[in-house]
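Notes to accompany the following structure.
The values are calculated or read from the model by the stated rules, or taken from the named source; none is laboratory data. The structure presented is a predicted model; accordingly, all values stated were derived computationally and were not measured. Note that each Cβ is placed from the backbone with ideal geometry, even for glycine, and that neighbours are counted across all protein chains shown. What goes into the accessible areas is simple: the full protein's heavy atoms, side chains included, and nothing from ligands, DNA or RNA. Shrake-Rupley method; radii C 1.70, N 1.55, O 1.52, S 1.80 Å.
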Amino acid sequence: MNKLLVFFSLFLIISIGFVTIPSTVHADSQLDVLIKITQNTKEHIKNDIDKLNNISQEVHDFYDEGTRDAELLIQAAEKEDAESAKQHFISAMIAFKRASLAISENESQKTPQAIISEHSQIIKKYEYNVKKLKLISGKLNTDVNFEQIDQLLTLAKANHATGNSEQTQEVLSSIAVEGKQIQKLLYEISEQNRIHKAKQFAQKHAERINSLILQAKTFGLQKTADVLEQSQVQLLQADSANQIKQQFKIIIIHQQKVEQVKETNQAELLRLQSLLVPLENKAQRLANDLKENNPADYFLKRAFNLIEETKQDISDLEYAPGGIGNTKYLDLTIGKKIQTIKDLLLKAEKLIYFSS
């Protein structure tokens, strides 16, 4: 009843206080207050509904009506429509007041038998919840003490069996508090375990991250390397699983950049090797046809030496700074040598077949 009196008084004060809204700046602040009061009242009614069983449909209808007006109040405030906001505020408060009155009537109509039945259901629910907490505690391998809550459950059952409703309700309230404390403790332990496992995972992959940083630097991806180094430090210093998860996301994104450059390099290497293979085959074929032709032998030896030298150059390009997508660099090195090999093989071919 005291809650209802406070509720009605608050409603009357707010209704009188916001009859007029004189200025725009002052109106904005008043509209924010209207929204805050409406949201708080809505939450208050929702908590009352959640605490009780067998709530009448009338209560839900009033609550839904108030919720709709609360949403319309927010929309009106966003449009700076002070008049509509005030009307929706009053409508919402009236609906919530009716819901509160209906809840009080619902409670007052409860018979002792109904209260006893409700306590029985609550005791069963708490027993089930405590069993779940014990299972979680076992999985986490903790030493959480359930002795006190078990004793409270036993006391609640004893009071319920003797029909002592008031003492049963008091014990049930104590069980709820104790249960929340255990639940909070188990959550904190679970979170610490997650952090510990995540850190172990991070340390396990630290060497792989170092390798990734080295590759990024080798390919000339200095910015990527800097980001990876920073993420590695934050990863090892993280104090929550979410932070570790976030840093791994960053690392994966930049790992993909490194892999893209690496794949581009590999593709270019294969292309260059594919240009060199037929030249090497041709040189070998000419060598097999070579007899006593010294001029041709000179050109073939130079071609073979240059082929081996070019092979080594291509192999060295695998970790070329900035990748090997620089066509100008390739033209001045690999491309020029390949052209020289072609010229040497053409000269050798002419000398071998013309002389024969």
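So the values come out like this:
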| read-out | value |
| --- | --- |
| Identity of the residue in the range 178-196, touching a residue at least 12 places away in the same chain (Cβ under 8 Å) and open to solvent by 90 Å² or more (accessible area, probe 1.4 Å), that ends up nearest to Leu228 (Cα to Cα) | Arg194 |
| Of all residues making up the range 64-83, the number that are open to solvent by 40 Å² or more (accessible area, probe 1.4 Å) and either in a helix (DSSP H, G or I) or closer than 16 Å to His44 by Cβ (or both) | 9 |
| Residue that is surrounded by the most Cβ atoms within 10 Å (Cβ to Cβ), among those in the range 273-294 that are polar (S, T, N, Q) and over 58 Å from the mean Cα position of the chain (by Cα) | Asn293 |
| Some residue of the range 113-121 being modelled with pLDDT of 90 or more and surrounded by fewer than 18 Cβ atoms within 10 Å (Cβ to Cβ) | no |
| Qualifying position, being at pLDDT 85 or above and surrounded by fewer than 14 Cβ atoms within 10 Å (Cβ to Cβ), among Gln169, Gln109, Gln148 | Gln148 |
| Residue within the range 258-271 that is open to solvent by 40 Å² or more (accessible area, probe 1.4 Å), of a type in the set (D, E, K, R), farther than 30 Å from Ala225 by Cα and assigned to a helix (DSSP H, G or I) present | no |
| In the range 197-220, the residues that are outside any helix (DSSP H, G or I) and open to solvent by 40 Å² or more (accessible area, probe 1.4 Å) | Gly220 |
| Top-ranked residue of the range 40-63 - restricted to ones that are open to solvent by 60 Å² or more (accessible area, probe 1.4 Å) and acidic (Asp, Glu), ranked as modelled with the lowest pLDDT | Asp50 |
| Residue in the range 233-241 that is open to solvent by less than 40 Å² (accessible area, probe 1.4 Å), of a type in the set (Ser, Thr, Tyr) and either free of Cβ contacts under 8 Å to residues at least 60 places away in the same chain or in contact with a strand residue (DSSP E or B) (Cβ under 6 Å, 6 or more places away or on another chain) (or both) present | yes |
